[in-house]
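Data first, discussion second: the structure below is written as structure tokens.
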Amino acid sequence: MSTVNIPRLDLNDYIHGTEGQRKHFSDEIGKAFNETGFVTITNHGLSKELIDKLYEQVKALFALPEDVKLKYEIAELAGQRGYTSKGKETAKGFKVPDLKEFWQIGQTVTDNDPVKFEYPENVHVEELVEFNAITGEVYQKLEAAGKHLLQAISVYLGLDEHYFDTNVHNGNSILRTLHYFPIEDPDALPDDAVRAGAHEDINLITLLIGASADGLELLTRENTWFPVKAHGEDVVVNVGDMLQRLTNGKLKSTTHRVVNPPREMMKFSRFSVPFFLHPKATMDLSSLPSTIDAAHPKQFTDITAGAYLDERLREIGLKK
Ligand SMILES: O=C(O)CCC(=O)C(=O)O
Ligand SMILES: [Fe+2]
């Protein structure tokens, strides 16, 4: 099995570091995103206490009776807010849906930005008094960490450090809390049913809490699957398709999946919480001219973030 280098980087080095530490951080994240598309991050701004509280809430949410959860599955929202039940999302190219249920939380605009009229309201979980406040706090902290990461990436790409700032401010990011449910009868599973089928993320970058649980794997350039492991509370960050398009493939949106556990572990749940960092719908994802030359011809058609998201949600079955 080939080994993959997923560097562990300290976000403090970028936010509060010396010029040398900041440059080192930008170089390392850029190099990793160019090679494997994945890094792990420490000092991301989420305390262990907040992460523990988050998981308490997430476990309580999915433990609610099915009929209560179904109250919060609202077809017009295409899974973008509230609950999405088992069997709804199917990775592109797969026939059998993923073995998961999830809940999504979106942007809260607190200033006068007219974009607020474009976003649906978040869905409030009446049964859990702390759920919305805690997930809201996690959303803000991951968004803040994500903005710093994009600044470091901008420097690596030779752009202004604040290139992404205005598009990410009040962007269409999504916090997804995920439950891979227990499989009571593994023999009854269709052959190709998995927790999360091989896919690439749609957005700019993804920040994932909970990758310390087994199961997440990335596809190497040699076409082998490699397990992604994170220490304790580290956040795993990977490139999504929007950043890959913008950089004409210089930064790689790496295929990944969540495999089923060994048979004796099938009766246990797995939880994880990815934050999909999206820009505003109006952001132009046309590849940067600096990433196109004779050796790297233009690979993607020009499209805005909003139109691209729409296309992708239809492909995975969330939007009709
Ligand atoms: O659950 C995980 O570890 C990863 C989930 C994931 O890749 C996704 O939801 O896009
Ligand atoms: Fe993913």
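The values are calculated or read from the model by the stated rules, or taken from the named source; none is laboratory data. It should be emphasised that the depicted structure is a prediction, and the values quoted were computed from it without experimental measurement. Glycine also receives a Cβ, built like all others from the backbone with ideal geometry; neighbour counts cover every protein chain displayed.
Quick notes
One line per residue, one yes/no per condition, for (1) at pLDDT below 95; (2) within 16 Å of ligand 2 (Cβ to nearest atom); (3) touching a strand residue (DSSP E or B) at 6+ places or on another chain (Cβ under 9 Å); (4) closer than 18 Å to Leu207 by Cα:
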site	(1), (2), (3), (4)
Gly249	no, no, yes, no
Arg257	no, yes, yes, yes
Pro262	yes, no, no, no
Pro279	no, no, no, yes
Leu288	no, no, no, no
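- Only residues that are touching a residue at least 24 places away in the same chain (Cβ under 8 Å) and not in a strand (DSSP E or B) were counted across the range 252-285, and they come to 19.
Every residue, every condition in (1) at negative phi; (2) in contact with a His (Cβ under 8 Å, 6 or more places away or on another chain); (3) assigned to a helix (DSSP H, G or I), yes or no:
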residue	(1), (2), (3)
Leu9	yes, no, no
Arg22	yes, no, yes
Phe25	yes, no, yes
Leu46	yes, no, no
Leu50	yes, no, yes
Phe62	yes, yes, yes
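- The one condition from (1) away from ligand 1 (no atom under 15 Å from the Cβ); (2) buried (at least 16 other Cβ atoms within 10 Å of the Cβ) that Ser253 does not meet is (1).
- Residues in the range 168-193 that are in a helix (DSSP H, G or I) and out of contact with any helix residue (DSSP H, G or I) (no Cβ under 8 Å at 6 or more places or on another chain): Asp187, Ala188.
Let's see how each residue does on (1) in contact with a strand residue (DSSP E or B) (Cβ under 7 Å, 6 or more places away or on another chain); (2) crowded, with 21+ Cβ neighbours inside 10 Å; (3) assigned to a loop (DSSP other than H, G, I, E, B):
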{"position": "Asp98", "(1), (2), (3)": "yes, yes, yes"}
{"position": "Phe102", "(1), (2), (3)": "yes, yes, no"}
{"position": "Thr108", "(1), (2), (3)": "no, no, yes"}
{"position": "Tyr119", "(1), (2), (3)": "no, no, yes"}
{"position": "Val129", "(1), (2), (3)": "no, no, yes"}
{"position": "Ile153", "(1), (2), (3)": "no, yes, no"}
{"position": "Leu159", "(1), (2), (3)": "no, no, yes"}
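- When restricted to residues that are among the aromatic types (Phe, Trp, Tyr), closer than 29 Å to Lys86 by Cα and crowded, with 20+ Cβ neighbours inside 10 Å, the range 29-61 contains 1.
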